[in-house]
Amino acid sequence: MFESVFVEIALVLTLAAIAGALAQWLRQPLLAAFIAVGILLGPSGWHIVSHSQEIELFAQLGIALLLFVVGLKLDLHVIRTVGPVALASGLGQILFTSIIGYLLARLLGMAPIPALYVAVALTFSSTIIIVKLLSDKREVDALHGRIAVGFLIVQDIVVVLVMIALSVFTQAAGQLSLLHELLLILAKALAMLLLVAWLMRVLLPRLLKHLARSTELLMVFSIAWAVLGAVAGEQLGFSREVGAFLAGVSIASTPYREQVAARLVSLRDFLLLFFFIQLGASLDLHLMGAQLAEAVIFSLFVLIGNPLIVMLIMGYMGYRKRTGFLAGLTVAQISEFSLILAALGLSLGHLQPETLGLITLVGLVTISASTYMILYSHSLYERLAPWLTCFERRLPHRELDSPLAVEGAVDVLIIGLGRYGTALADNLLSQGARLLAVDFDPTAIKRHLGRGYGVHYGDAEDPEFVITLPLQQVRCIVSTVRDPAINRMLLHALRHNHYAGRIAIATSTPQDAAQFQKLGVDLILIPYEDAAKEAASRVLAGQCEQEGGGETLQ
């Protein structure tokens, strides 16, 4: 339509920015907005980008960088330490979703190969979207957040293995000697893995140490390395995606992986914009409209079935229904990898355009709906909790194996073992206080074991959390969590359960401090202004018991 490629790209970016702003206002991921822009600019709309070689090139670079960054995250040490729940829930969810999804697709009249692609596409969840939502809610370090990130890593590994398998069997199909071709491909794969292992141990650590003196040079090298890996994968008969992934893995165990990943994330997201626009431009709205009923059925299965599968697995493993529910919601959508896998199937001749359109439509529906489900997960849990008891063992031992029963009185119970909470606990302990500490981060709990006070898992946002506290034995409760909504919920729960001791709450602003003073909190702590040592002395001295509605410690 345009003679100038520059004008075409300018139009694409302008519309993407407008659609992205609208999506942000609606609290939706940008992915859905970019696909909508592609539909608008494709054959179903203005017919501008359907055969743009430039957009196709940017899209291929974006996919290569996406797989490269995924490879960067797969540090071998991290893989070895992924807990059994992440492995069990990740693999279990993939297995059950694939089987049920395949049977559902066959019942809807789909042929075996397209049904298999659809079933596998329904199993993967978006690491990018989930981590972003959990980060915005400050739940990445919560127990359910860590479990969710763990099984998302498992899903990422599986999707790469599926891509490798597709490349191998597609290349081997139709050969005169299938066994000979398979052996040749396996030999190439082994050689490629050995080369990556040698690069990880010998060449790359020394090379990156030299290149890291210049952050610009390190970034240029990383992009070149990702693209070279993609080219090597393609030349060896696999795929660009597999090659880019292994290029990322080769850097993942070096000290520079975080620096490289941080530099490439923005570029990756920018280039992936063109993949989603190209994907939207390749869709035919008439074909998608004809598959609306099937898309609704598959979307309901992903939105409801996937979380139920995760809850069943986690409940069986001994986790509470709340943890299973919050972790399960993170798989209530399909991933950008599902769309990439479908596009790969189309390029290999395994799928027709209508199947790609069906998977994309399911992606748009589930990504949009699950975003709101995750954003309002706690409210949703409160409404559904009475019906979720069947997903929890009578004794959920994974979270209740260290009950909060204590002998004798406890001077101070600290909720939150961040930097300020840790300093406060150390100072209280040095002044002879009997302490009990609670945190929602399992890693923080392990870090504080053996410090001379009891440490237990607990989430202040959990309505049932306060019930587990030994309220009758605690003289003062200190919340170092600086989220006013969480503290209000905690304060309400403590009073509802007739806690008679003193309450101290940390806040970040004078406005929050004034609000909690009006609510009758005994002592307000402002961590950026308070010294932990002075705060500990005030907590123990009982100065927050003054009449008149509390005191602000500044």
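A short reminder: the numbers here are calculations on the coordinates, not readings from a lab. Nothing here was measured: the structure is a model prediction, and the numbers come from that model. Here the Cβ is made from the backbone with ideal geometry for all residues, glycine too, and neighbour counts use every protein chain on show.
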Worksheet item: Taking amide H positions as placed 1.01 Å from N in the peptide plane, with prolines and chain starts having none, which residues 5 or more places from residue 478, or on another chain, fall under 5 Å of its amide H?
Response: 413, 414, 415, 504
Item to complete: Grab the beta carbon distance between residue 236 and residue 431, set R0 = 56 Å, and tell me the FRET efficiency rounded to 0.05.
Response: 0.30
Worksheet, complete the sentence: Once amide hydrogens are built 1.01 Å from N within the peptide plane, the residues lying 5 or more places from residue 410 or on another chain with amide H under 5 Å from its amide H are 474, 475
Worksheet item: Given the pairs 73/209; 132/518; 137/321, which are separated by over 23 angstrom at their Cα positions?
Response: 132/518
Worksheet entry | segment 121-156 residues near the modelled residue 376 label - backbone nitrogen below 19 Å, point 7 Å along Cα→Cβ | 133-134, 136-138
Fill in: Options (i) 1.10; (ii) 0.95; (iii) 1.16 - which one matches Cα Rg over 2.2 N^0.38 Å as calculated here
(i)
Item to complete: Apply the Karplus parameterisation 6.51 cos²θ - 1.76 cosθ + 1.60, with θ equal to phi minus 60°, to every residue of segment 244-251 and state each ³J(HN,Hα) to the nearest whole Hz, in sequence, with x for glycine and proline.
Response: 5, 4, 5, 4, x, 4, 5, 9
Worksheet entry | Cut-off 20 Å (backbone N to label point 7 Å along Cα→Cβ of residue 300), residues of segment 320-357 | 329, 331-334
Practice prompt. Using per-residue counts of other Cβ atoms within 10 Å, averaged over each peptide, order 112-121, 213-222, 329-338 from highest down.
Written response: 329-338, 112-121, 213-222
Fill in: Inter-site label distance for residue 47 and residue 220 at 7 Å from Cα along Cβ, in nm
4.3 nm
Discussion item. Which of 249, 149, 131 has the fewest other C-beta atoms within 10 Å, and how do the rest follow up to the most?
Written reply: 131, 149, 249
Item to complete: Would you mind checking the tilt of helix 215-235 against the longest principal axis of the Cα atoms of the chain, expressed as 0 to 90 degrees and rounded to 10?
Response: 50 degrees
Worksheet item: HN-Hα J couplings of segment 300-313 from phi, Karplus 6.51/-1.76/1.60, θ = phi - 60°, integer Hz, Gly and Pro as x?
Response: 5, 4, 5, 5, 10, x, 4, x, 5, 5, 5, 5, 4, 5
Worksheet item: Okay, helix-only estimate at 222 nm for the chain: each DSSP H run of n ≥ 4 adds -39500 (n - 2.57), divide by all residues, round to 500 deg cm²/dmol; what do you get?
Response: -20500 deg cm²/dmol
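What full-extension length gain, to one decimal in nm, is calculated for residue 514 and residue 14 as 0.36 nm per residue of separation minus the Cα-Cα distance? Numbers along the way, then the final one.
Numbers: separation 500, 0.36 × 500 = 180.00 nm, distance 4.43 nm.
Length gained between residue 514 and residue 14: 175.6 nm.
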Worksheet, complete the sentence: Computed ³J(HN,Hα) along segment 96-112: with the Karplus parameters 6.51/-1.76/1.60, θ = phi - 60°, integer Hz and x for glycine or proline, the list is 5, 5, 5, 5, 5, x, 5, 4, 5, 5, 5, 5, 7, x, 7, 5, x
